[in-house]
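Participant: Got a structure for you, written out below as C-alpha cells; questions coming shortly.
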Amino acid sequence: MPKFDRRLRVACLASLLSLPLLCRAADVPSLQVLHWWTSAGERQAARMLAARLADEGVAWQDAAIPGGAGLGAGKVLRSRVLAGDAPDATQIIGVSIGEWAELGLLLELDAVASAGNWNKALFPTVRELVRHRGHVVAAPLGIHRINTLFYHRKLFARLNLAPPTTWAEFEQAARRLRAAGIAPLVQSSEPWQVATLFENLLLATGGPDFYRELFVRQSPQAASDPRLAQALQRLRAMKGWMLNAADEQPWTEAVRRFGRGEAAMFVMGDWAKAELREMGYAIDTDFACVPLPGTDNYHLYSVDTLAMFVNDYARQEAQEKLAKAVMSPLAQQQYSAAKGSVPVRRDASQAGMDSCARSSWRGFARGAAAQAPSLVHRMAADEESRDAIIAEVHRFYVDDGMAPAETQRRLAGLLRTLNFRSHKQGSHHGTQDPDRR
C-alpha cells in the first residue's frame, strides 16, 4: 500500500475542519463513515477520529446525518443498505449491532481484537456488546453516562445551595430557586428527551434490577409495580419545575439556555459537557455535574461504537485499520475528552479526566450490578420496543390529565404485545432470548 504522504495528510485534516467535506486521493485508501455527530462537541470528536485514521494512512470521508439520538441516521442507514449502497463504516449502537450482524452484513473484527487484546482491555459489558455469535463485529469508542444532573455553579452559589443528592433535596432546591425567580430546570419536550429524563427517574426509584425487568426483559408484571407509578409522578413534578415545559427544542438549545443561566439544572447525558465546553463554559467553574439524585451508585449507560459493513471486502484492510485506530489508548483518551464520554478501556488513565468523567468511569467500573442500559439510547431494547415505550411516556408527559395508573395499564398491554411478537419470531427462527420471556 502506498505510503500516506505527509502533505496530503495535512490537506485532508484541513478539509475536515469544515465537515462534511470529503478528502479523496487516487493513491490513498478512504472510508466513508456514516454517523450523527453534528453538534460542536461531536464534530470535534469526529475530527479526532479522522486524524487517528489518517495516522494509519486512510482518509475519512464524512457522512454526517443531523438529528438528536440518531433518529435520522438510522433511517438513512436502512435506506442505503436496502439500495445496495451501505457505507464502509457506521455508528451503530446497542441492540442494533446484533440485529445487523445477524443479517451477515457486518465485518468480523476478530483478528484486530485479538492483536489488540481487546478481551482483556475492554470492560466486560462493552466486550459482550460488540460480540455476536462469538465474533467481534464492532469497535467501541466511548461510554456515556446518561444519569447526569448538570447544575449552574453561580446560580447555586448565589442561594448557597449544595447539589441535591436525594429527591427531597432536589425538591427543596427547586422551591428555593423558584422563590428567587430562577427556573429550576431546563428540558425539552421532544419525545426522546422526555424519555431520557424518565429512564433516569425509573432508575432512581427502582434501581438497576427493576429497570432491567421493565426495559430489558419487558415484563408486563413490572408495569404494575408502584415504583413505576412513583417515577411517573416525579416526571410530572419535574415538568412543573421546568422553564417552558412545552418547548420542543433540540438538546443543543437546551444546553445553550442552561449555559446562559436561564435555568439552574439540566438532566442529560454527559455529551452535554462537551457542548458546554465548546460554548466557552468551564467545568467546576461555570457548571458541574453529579449523578441524578437517587442514582449515585448506578450508571445508566450508552456506548458509542463503529461497525464496518462487509460490502465486497475491497476495503477490509482500511476498515480493520479504523477499528485498530479507535481502540488505541491515545484515540480513546482524545475521543472521550472531545465527546464528553469515558474510555471503554479498563486500563485508561484517570489522570486527565475531569471530575464528571472520573465519577462516570469509576461508576461503570463497579460492574454489571451497578449498570443499567439506556432504553432511549438503544442499549436495552430493539427499535420497535424503544419507540413504542417512548411514545407512551411522552403521551403521559403531554397529557396532564392522564393518571399514572392509566399509563401503567397501557405499558402493560404494550409489553404483552411486544412479548407475543418476540415469542412468535423466536419460535419461528429458534433464537428466542430467555431474558425476554
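Please treat every number below as a calculation from the coordinates, not as lab data. Here the structure is a predicted model, which means the values were calculated and not measured. Positions of Cβ are generated from backbone atoms using ideal geometry, with glycine treated the same way; all protein chains shown enter the neighbour counts.
Participant: Per residue Cα convex hull volume for the stretch 68-158, in cubic angstrom? Can you show the working numbers first?
Facilitator: Numbers: hull volume 13.1 nm³, N = 91.
Normalising the Cα hull of the stretch 68-158 by residue number yields 144 Å³.
Participant: List every residue whose amide H lies under 5 Å from the amide H of residue 122, counting only residues 5 or more places away in sequence or on a different chain, with H placed 1.01 Å from N in the peptide plane.
Facilitator: 346
Participant: Then there's this: Using the beta-carbon distance between residue 135 and residue 410 and R0 = 56 Å, what value does 1/(1 + (r/R0)^6) give for FRET efficiency, to the nearest 0.05? Provide the component values of the computation, followed by the final result.
Facilitator: Working: r = 39 Å, r/R0 = 0.70.
Computed FRET efficiency for residue 135 and residue 410 comes out at 0.90.
Participant: Looking at the square roots a ≥ b ≥ c of the eigenvalues of the Cα gyration tensor of the stretch 237-324, which shape do they give, rounded for a/c under 1.5, prolate if a/b is larger than b/c, or oblate?
Facilitator: Details: a/c = 2.36, a/b = 2.26, b/c = 1.04.
Verdict is prolate for the stretch 237-324.
Participant: Give me log10 I(q)/I(0) at q = 0.10, 0.18 Å⁻¹ for the stretch 150-299, Debye formula, one equal scatterer per alpha-carbon, no solvent.
Facilitator: Log-scaled intensity ratios, in q order: -0.34, -1.08.
Participant: Around residue 190, which amide H atoms from residues at least 5 apart in sequence, or from another chain, sit under 5 Å from its own amide H, with H modelled in the peptide plane?
Facilitator: 249
Participant: Let me ask something else about it. Given the convex hull of the Cα atoms of the stretch 154-234, what is a quarter of its surface area in nm²? The partial results should precede the final answer.
Facilitator: Details: hull surface 25.1 nm².
Taking a quarter of the hull surface, the average projection is 6.3 nm².
Participant: Something else now. Determine Rg/Rh for the stretch 27-114; Rg is computed over alpha-carbon atoms and Rh is the Kirkwood hydrodynamic estimate from the same atoms. Numbers along the way, then the final one.
Facilitator: Working: Rg = 13.7 Å, Rh = 14.1 Å.
Ratio of gyration radius to Kirkwood radius for the stretch 27-114: 0.96.
Participant: So which trypsin sites (Lys or Arg not before Pro) in the stretch 118-212 pass both tests, a DSSP loop state and at most 12 other Cβ atoms within 10 Å of the Cβ?
Facilitator: Here the trypsin sites (Lys or Arg not before Pro) that fit, given the DSSP loop and packing criteria, are 133.
Participant: Normalise the Debye intensity by I(0) for the stretch 80-230, one equal point scatterer per Cα, no solvent, then take log10 at q = 0.10, 0.13, 0.19 Å⁻¹ and round to two decimals.
Facilitator: Once normalised to I(0) and log-transformed, intensities are -0.60, -0.87, -1.19.
Participant: Here's something else I'd like to know. In µm²/s, what is D for the stretch 174-220 at 25 °C and 0.890 mPa s, where D = kT/(6 pi eta Rh) by Stokes-Einstein and Rh is the Kirkwood radius from Cα pairs? List each step's numbers first, then the result.
Facilitator: Numbers: Rh = 12.6 Å.
Estimated via Stokes-Einstein, D reaches 195 µm²/s.
Participant: Count neighbours as other Cβ atoms within 10 Å of each site's Cβ, and list the trypsin sites (Lys or Arg not before Pro) in the stretch 242-319 that are DSSP loop with at most 15 such neighbours.
Facilitator: Values: sites: 256, 257, 260, 273, 277, 315; in loops: 260, 315.
Those satisfying the criteria are 260.
Participant: What value does the stretch 366-413 have for Rg/Rh, both radii from Cα atoms and Rh as Kirkwood defines it? Write down the numbers at each step before the final one.
Facilitator: On the way: Rg = 13.2 Å, Rh = 12.2 Å.
Ratio of gyration radius to Kirkwood radius for the stretch 366-413: 1.08.
Participant: What is the ratio of the Cα radius of gyration of the stretch 288-385 to 2.2 N^0.38 Å, with N the residue count, to two decimals?
Facilitator: Output field value: 1.26.
Participant: Separate question: How compact is the stretch 140-197 by the rule of thumb for globular proteins, expressed as Cα Rg over 2.2 N^0.38 Å? Provide the component values of the computation, followed by the final result.
Facilitator: Values: Rg = 13.7 Å, N = 58, 2.2 N^0.38 = 10.3 Å.
It is 1.33.
Participant: Measure out, as a whole number of angstrom, how far apart the alpha-carbon centroids of the stretch 28-104 and the stretch 203-235 sit.
Facilitator: 33 Å
Participant: Bin by bin, in steps of 5 Å, what percent of the Cα pairs in the stretch 198-268 do you find, going until the bin that has the longest distance?
Facilitator: For the stretch 198-268, the pair-distance distribution reads 3, 15, 22, 18, 13, 14, 11, 4, 1.
Participant: Also, quick follow-up: Along the Cα-to-Cβ line of residue 40, 7 Å from the Cα, sits a label point; which residues in the stretch 327-352 have backbone N less than 19 Å from it?
Facilitator: Zone members listed by number: 335-341.
Participant: To continue, here is another question. Please compute the Kirkwood hydrodynamic radius of the chain from all pairs of different C-alpha atoms, in Å with one decimal.
Facilitator: Numbers: mean 1/r = 0.0446 Å⁻¹.
Evaluated on the chain, it is 22.4 Å.
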